[in-house]
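The values are calculated or read from the model by the stated rules, or taken from the named source; none is laboratory data. Since the model is a prediction, treat every value here as computed from it, not as a measurement. Cβ atoms come from the backbone with ideal geometry, glycine included; neighbour counts cover every protein chain shown. To get the accessible areas, we keep the full protein, side chains included, count just its heavy atoms, and leave off ligands, DNA and RNA. Shrake-Rupley method; radii C 1.70, N 1.55, O 1.52, S 1.80 Å.
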Amino acid sequence: MSDLSKNEQKRRAKAEVAEKKKAEKAEKKSQEEAANPTPKKEKEAAASLEELAPTEYYKIRLAALENVPRNVAFPHKYDVNVPVPVLVHRFQHLEPAQRDEAEKVYRIGGRVSTIRTMGKIVFYDLASEGARIQVVCTIQDFAAGAQAFDDMHNSVKRGDIIGAEGFVGKTKKGELSLFATNVQLLTACLHMLPSEKGGDFTDIEVRYRRRYLDLIANGQRIRTIFEKRAAVINYVRSFLTQRRFLEVETPMMNLIPGGAAARPFETYHNDLAQKMYMRIAPELYLKMLVVGGLDRVFEIGRQFRNEGIDMTHNPEFTSCEFYMAYADYYDLMAITEEMISGMVLAINGSYNVVYHPDGQDKPAVTIDFTPPFRKIAMIPALEAAAKVKFPEDLTSEDALEMMKDLIEKHQVSCPPPQTATRMLDKLVGHFLEVDCVNPTFICDHPQMMSPLAKWHRTQPGMTERFELFINKMEFCNAFTELNDPRKQRELFEDQAKAKAQGDDEACGYDEEFCVALEHGLPPTAGWGMGIDRMAMLLTDNNTIKEVLLFPAMRPE
């Protein structure tokens with residue numbers, strides 16, 4: 001029995017030693033995994049991190065930076081030797097599993113959009129300048145070794161900006177990739193980005209208020225919109241400079257808000273102790289330059305109007321205005337047709353533009369920009385549509401009563417003050433503009449609606465003015481310029497009377513401009529176009545907010 005007891009004791013002693021060694025080994029393995037997670041553990045940790053509440057995610061990421069030297073966490077520079085779009089274009093032709101034969105080392109930078117792991121291989125999708133490329137990281141290729149490999153890839157999270165260095169090729173599945181020999185974290189993204197599994201980032205309020213987040217989440221779609229917007233501006237600028245127009249800049253703050261019928265924003269100049277107005281149009285300054293001998297001038301810039309915010313209006317917007325000596329509004333119609341149709345063809349690839357005026361989920365319309373454009377005379381067309389005959393004097397009591405009756409009969413909205421100008425404008429909108437889907441010139445406005453336009457040479461009481469309407473919206477406004485200082489003063493006085501009646505959009509009286517006209521403005525034609533609306537049309541967006549990087553928003 002005693003021999004048996006000794007054997008049992010030995011067996012039990014061996015078992016205890018083995019159990020102890022097993023526990024020690026498991027503890028050691030646990031410590032090693034905590035310090036150097038395997039790709040599987042890393043993936044699980046990353047997944048759990050993404051499931052945290054945004055505030056907790058922020059705290060964890062911020063805490064991770066506390067012990068990292070600032071020049072390491074936020075380096076001053078990273079030497080990129082090729083943009084990602086150029087790299088993608090240059091090597092897209094490679095066959096699956098083929099590498100760049102030159103074996104040149106490329107250094108790229110961008111934002112990590114996704115992270116995947118497979119064993120000890122880490123895959124990053126890197127986004128930069130509207131293009132994407134895969135970065136493949138393996139321990140074998142990593143120049144700094146296994147420990148540095150683990151340290152680096154454990155620290156990189158979705159949304160971070162990294163630099164990657166390596167060779168270009170395609171994987172066996174044909175994915176163009178940079179096979180990295182080094183990766184550097186350049187800037188950590190401390191906030192959780194919209195989930196890559198959640199589809200497009202579509203919260204309208206957040207998209208407009210935090211456009212940077214919109215660009216990160218919906219980058220290519222949003223980038224395309226603003227590339228087309230830039231193409232509109234570049235086309236207009238090139239078109240005019242090729243025709244000997246000089247681009248100029250005029251003041252953004254004015255003592256008198258002039259050049260258009262609009263309510264201005266007020267500001268205050270401390271040094272001058274003077275109330276000033278943000279400009280509503282550059283027109284008067286540009287015509288002063290023509291007086292001075294700059295026969296062809298244009299300006300592309302911001303205008304500011306203290307008016308409503310809706311689908312097609314923003315308080316600050318971009319326009320182009322040009323002025324051309326020795327020309328009239330007939331010349332400008334031809335120029336407008338040439339510019340607009342040429343722009344649409346160059347940017348859209350066709351004269352026909354498919355547009356969704358009521359949103360992408362509603363029926364589309366096809367707008368034909370093939371020149372020449374349709375032309376209609378305002379008053380005869382309005383009389384035909386409303387089945388009336390206006391008195392010759394549109395400011396007479398009979399004319400006013402007729403307009404009021406039409407507004408009431410057809411339930412046209414025209415808030416007070418119901419001046420002849422305002423009522424006529426609303427009636428034109430109700431009867432004529434609604435039929436202007438293809439580009440249409442509405443011509444020959446009454447003088448009372450056009451205080452800066454020259455009287456019509458054959459139609460008393462009318463002016464040589466046109467507005468270009470497309471899809472029921474005004475895009476261009478142009479006229480033969482009034483250059484008689486006596487008539488200009490008379491019309492400014494009429495505008496002052498309208499302002500006294502409560503029309504706060506009436507033009508201001510600008511004596512300095514009248515003095516400039518007394519020095520001689522040659523026969524001149526002037527033209528203006530809204531850049532934002534043209535961008536809306538060519539990007540198929542029915543709200544102006546989509547084509548403004550930072551549209552006006554009500555406070556949260």
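Descriptive notes on the structure:
- Candidate residues Arg70, Arg465, Arg90: accessible-area rank, largest first, probe 1.4 Å: Arg70, Arg90, Arg465
- Inter-centroid distance (Cα atoms) of the range 225-251 relative to the range 349-376, Å: 23 Å
- Area of His191 that stays accessible when all protein chains are in place (1.4 Å probe, Å², to 10): 110 Å²
- Ordering of 402-411, 336-345 by packing [mean C-beta count within 10 Å, highest first]: 336-345, 402-411
- Simple spin-label estimate for Leu49 and Lys497 in nanometres, 7 Å along Cα-Cβ: 7.4 nm
- Semi-axis lengths, largest first, of the ellipsoid equivalent to the chain are 68, 25, 23 Å, with √(5λ) applied to each eigenvalue of the Cα gyration tensor.
- Of Ser413, Ser113, the residue with the largest accessible area leads and the full order is Ser413, Ser113 (1.4 Å probe).
- In the assembled protein chains, Glu316 presents an accessible area of approximately 80 Å² (probe radius 1.4 Å).
- Out-of-range pairs (alpha-carbon distance over 21 Å; input Lys120/Lys157; Lys228/Lys426; Lys287/Lys487): Lys228/Lys426
- Relative contact order %, the chain, counting alpha carbon pairs below 8 Å whose residues are six or more apart: 12 percent
- With Cα atoms, 0 to 90° folded angle of helix 397-409 axis to the chain main axis: 40 degrees
- Cα-derived Rg to Rh of the range 337-406, Kirkwood definition: 1.21
- When the listed pairs Lys454/Lys545; Lys172/Lys362; Lys409/Lys472 are checked against a 32 Å cut-off, the alpha-carbon distance exceeds it for Lys454/Lys545; Lys172/Lys362.
- 0 to 90° range, to nearest 10: angle between helix 485-500 axis and the chain longest Cα axis: 70 degrees
- Whole-angstrom gap from the range 406-444 to the range 141-163, using each part's C-alpha centre: 64 Å
- A crude spin-label estimate for the pair Glu490 and Asn352, with each label 7 Å from Cα along the Cβ direction, gives 5.1 nm.
- Ordering Ala260, Asn471, Leu284 by the projection of their Cα atoms onto the charge dipole of the chain, which places +1 on the Cβ of Lys and Arg and -1 on the Cβ of Asp and Glu, puts Asn471 at the extreme positive end.
- Compactness check for the range 72-171: Cα Rg over 2.2 N^0.38 Å is 1.06.
- Probe 1.4 Å - accessible area at Arg221, Å² to nearest ten: 110 Å²
- Net charge over other residues, Cβ less than 12 angstrom from the Cβ of Ala535 (K, R count +1; D, E count -1): 0
- The residues of the chain expose on average 53 square angstrom of accessible surface per residue, using a 1.4 Å probe on protein heavy atoms.
- Helix 420-431 axis versus longest C-alpha principal axis of the chain: approximately 60°, rounded to the nearest ten.
- Per residue, the average separation of C-alpha pairs within less than 8 Å and at least 6 apart gives the range 154-253 a relative contact order of 18 percent.
- A cut-off under 10 angstrom between Cβ atoms defines the neighbours of Glu474, and their net charge, with Lys, Arg +1 and Asp, Glu -1, is 0.
- Within the accessible area of the chain, the carbon and sulfur atoms contribute 53%, probe 1.4 Å, all protein chains present.
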